[in-house]
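Below you'll find the structure, written out as structure tokens, and then a few comments.
The values are calculated or read from the model by the stated rules, or taken from the named source; none is laboratory data. Since the model is a prediction, treat every value here as computed from it, not as a measurement. With ligands, DNA and RNA removed, areas are computed over all heavy atoms of the protein, side chains included. Shrake-Rupley method; radii C 1.70, N 1.55, O 1.52, S 1.80 Å.
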Amino acid sequence: LMSGTPACNVVEDLLGQLLFLKVEPYCRMSLTGSKAVTDYWQESISDAWREEDTDALEVVHNLLSRILIRHSKSQRLATGEAMLELPPKETRTLLVEAEGSEAFVYHSCEGEAVRQAHRMRREGTLNQEFMRLVAYRDRLLRVCSHPGNLDLQHLNRDILLRERGVREGGAGEEEVEGL
């Protein structure tokens, strides 16, 4: 995998890359269930990273140093020739159609995001709930990277709340929490 920018500058985006590249132990954990790997990543990496824990920085640095090689265009060999010759930049957009369960999960998330955006527009709360829209966008990006990045229990909870007509933070949400 060669990429200039594989992530959207969030440590959570790395998990999808690790699963795609089949990096141990993350790919093995994903075989036992996506919740196991996302819980581990959340507890061991994401939470600590968000809290700016220096141990999290060291863990991520050690992990990446074992699986990445980073070169700049300006690096030179001892002979003076460029270490890395890159062809001219070419940008192409390839549309890939999701299939099966990946399509189902993506369309479920997309539908929920659209419903919530329409509700916010109707209620005139788009500005106040802007960060919620960003969270929906981030959820869609995680699904595109790898469906294992999505906490399916949280998605199921959202679907149950919607089916029961309960808004997040509203009465009746406690009933769904126990499911």
- Note on the structure: Under a 1.4 Å probe, counting only protein heavy atoms, residue 47 has an accessible area in Å², nearest 10, of 60
- At a probe size of 1.4 Å, how large is the accessible area of residue 49, to the nearest 10 Å²? 100
- Listed residues 64, 57 arranged by accessible area, highest first, probe 1.4 Å: 57, 64
- Considering only protein heavy atoms, what is the solvent-accessible area of residue 77 at a probe of 1.4 Å, reported in Å² to the nearest 10? 80
